[in-house]
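J.: One structure, pasted below without further comment.
The values are calculated or read from the model by the stated rules, or taken from the named source; none is laboratory data. Just so it is clear, the structure is predicted and the values come from calculations on it, not from any experiment. Cβ coordinates were reconstructed from backbone atoms using ideal geometry, including for glycine residues, and neighbour counts include every protein chain displayed. Surface accessibility is based on the protein's heavy atoms, side chains included, excluding ligands, DNA and RNA. Shrake-Rupley method; radii C 1.70, N 1.55, O 1.52, S 1.80 Å.
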Amino acid sequence: MELLTGAGLASAAGLNAWLPLLLLGAAARWTDVVALPDGWAWLSDPGVLAVLAVLLLVEALADKVPGVDHVNDALQTVVRPLAGGVAASAGTGGADGGGAVAAGGDASWLAGVDWTTVLAGAAVALVVHLLKAAGRAAVNATTAGVGAPVASAAEDALSLGLVASALLAPVLVLVALAVLVAVAVAVVRRRRRRRAVRPV
């Protein structure tokens with residue numbers, strides 16, 4: 001179940017870097033659903049949550065504007081894997097270090113982080129991000145950019161669904177990942193078909 005939880009959170013970060021981190025931090029702060037390890041407790045700090053909310057808003061808006069979404073995806077090639085690694089580790093208890101930067105003022109918590117989980121989460125998020133970026137390019141090419149806001153909203157909904165599944169019913173992560181792969185394959189096939197019928 002931890003594997004599914006980590007995969008779900010990392011996949012969600014591959015679609016939207018800040019959503020899983022914000023929801024993890026908020027759930028840890030205001031519910032009993034998530035108990036963050038000491039090393040990741042800073043995610044539930046009110047200041048961090050406010051910054052994550054602003055970053056989420058900026059990313060969500062940028063991702064819905066044709067052309068800007070490609071620039072955003074290029075920048076997110078580094079950010080989303082990092083967020084995926086943090087989300088996977090924080091969501092599965094992948095840290096046992098003492099004190100977060102926000103609380104302790106130093107980086108001693110890094111020694112307690114399970115780096116295998118961070119790297120695995122980053123790899124999953126990177127793969128999902130690359131699929132998303134390729135799918136978005138196909139959507140923009142086939143719809144002259146008109147489909148960008150719709151595709152972005154669908155990606156946000158899928159990211160939200162992945163986070164909810166990962167935290168509440170990890171088995172459903174398999175279903176969400178299957179949907180993600182099916183959509184990516186369908187978009188790529190549609191793009192190839194359009195290229196094939198285009199006159200030379």
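J.: Picking from Val58, Val163, Val34, which is most flexible by a Gaussian network model of the chain using Cα springs under 10 Å?
T.: Val58
J.: Now a separate question. Take Leu55, Leu3, Leu43 and sort them by solvent-accessible surface of the protein heavy atoms, 1.4 Å probe, largest at the top.
T.: From most exposed to least exposed: Leu3, Leu55, Leu43.
J.: Of the residues Ala17, Ala154, Ala88, which exhibits the maximal mean-square fluctuation in a Gaussian network model of the chain defined by a 10 Å Cα contact cut-off?
T.: Between Ala17, Ala154, Ala88, it is Ala154 that shows the largest mean-square fluctuation.
J.: Given charges of +1 on the Cβ of Lys and Arg and -1 on the Cβ of Asp and Glu, with all other atoms neutral, how large is the dipole of the chain about its Cα centre, in debye to the nearest 20?
T.: Value, rounded to 20: 1540 debye.
J.: Any chance you could look up the accessible area of Trp42 with a 1.4 Å probe, heavy atoms only, rounded to 10 Å²?
T.: 60 Å²
J.: Once phi is turned into ³J(HN,Hα) by the Karplus curve 6.51 cos²θ - 1.76 cosθ + 1.60 with θ = phi - 60°, what whole-Hz value does each residue of the range 178-184 show in order, with x for glycine and proline?
T.: Values per residue, Gly and Pro as x: 4, 4, 4, 5, 4, 5, 4 Hz.
J.: Now for a different question. Given a 1.4 Å probe, how much area per residue of the chain is accessible, in Å²?
T.: Ligands and nucleic acids excluded, the result is 49 Å² per residue.
J.: Still on this structure: Residues of the range 115-154 with amide nitrogen under 13 Å from the 7 Å Cα-to-Cβ point of Ala186?
T.: Hits in the range 115-154 for Ala186 at 13 Å: 151, 154.
J.: Cα gyration tensor of the range 1-73, axes a ≥ b ≥ c as square roots of the eigenvalues: rounded (a/c below 1.5), prolate (a/b > b/c) or oblate?
T.: Numbers: a/c = 3.01, a/b = 1.58, b/c = 1.91.
Cα axes put the range 1-73 in the oblate bin.
J.: Further question: So what is the diffusion coefficient of the chain in µm² per second by Stokes-Einstein at 10 °C and 1.306 mPa s, using a Kirkwood Rh over Cα pairs?
T.: 93 µm²/s
J.: Please identify, among Val175, Val118, Val127, the residue showing maximal mean-square fluctuation in a Gaussian network model of the chain using a 10 angstrom Cα cutoff.
T.: Evaluated over the chain, the most mobile residue of the options is Val175.
J.: Next question, about the same structure. Remind me, relative contact order of the chain in percent, using alpha carbon pairs under 8 angstrom and six or more residues apart?
T.: 32 percent
J.: For Val181, tell me the accessible area in Å² from a 1.4 Å probe, rounded to the nearest 10.
T.: 80 Å²
J.: May I ask you to evaluate 6.51 cos²θ - 1.76 cosθ + 1.60, the Karplus curve with θ = phi - 60°, for each residue of the range 61-77 and list the ³J(HN,Hα) values in order in whole Hz, giving x for glycine and proline?
T.: These are the phi-based 3J(HN,Hα) values: 6, 4, 6, 9, 9, x, x, 5, 4, 5, 5, 4, 4, 4, 5, 6, 4 Hz.
J.: Further question: Leaving out ligands, DNA and RNA, and with a 1.4 Å probe, what % of the accessible surface on the chain is carbon or sulfur?
T.: Of all accessible area on the chain, carbon and sulfur atoms account for 72 percent.
J.: Could you calculate the contour length gain from Val150 to Ala62, that is, 0.36 nm times the residue separation minus the distance between their Cα atoms, to one decimal place in nm?
T.: Between Val150 and Ala62, full extension yields 30.4 nm more.
J.: For Glu59, Glu155, write out the residues from largest to smallest accessible area, computed with a 1.4 angstrom probe and no ligands counted.
T.: Numbers: Glu59 5, Glu155 30 Å².
Order by accessible area, largest first: Glu155, Glu59.
J.: Tell me the accessible surface of Ser89 in square angstrom (1.4 angstrom probe, heavy atoms of protein chains only), to the nearest ten.
T.: 0 Å²
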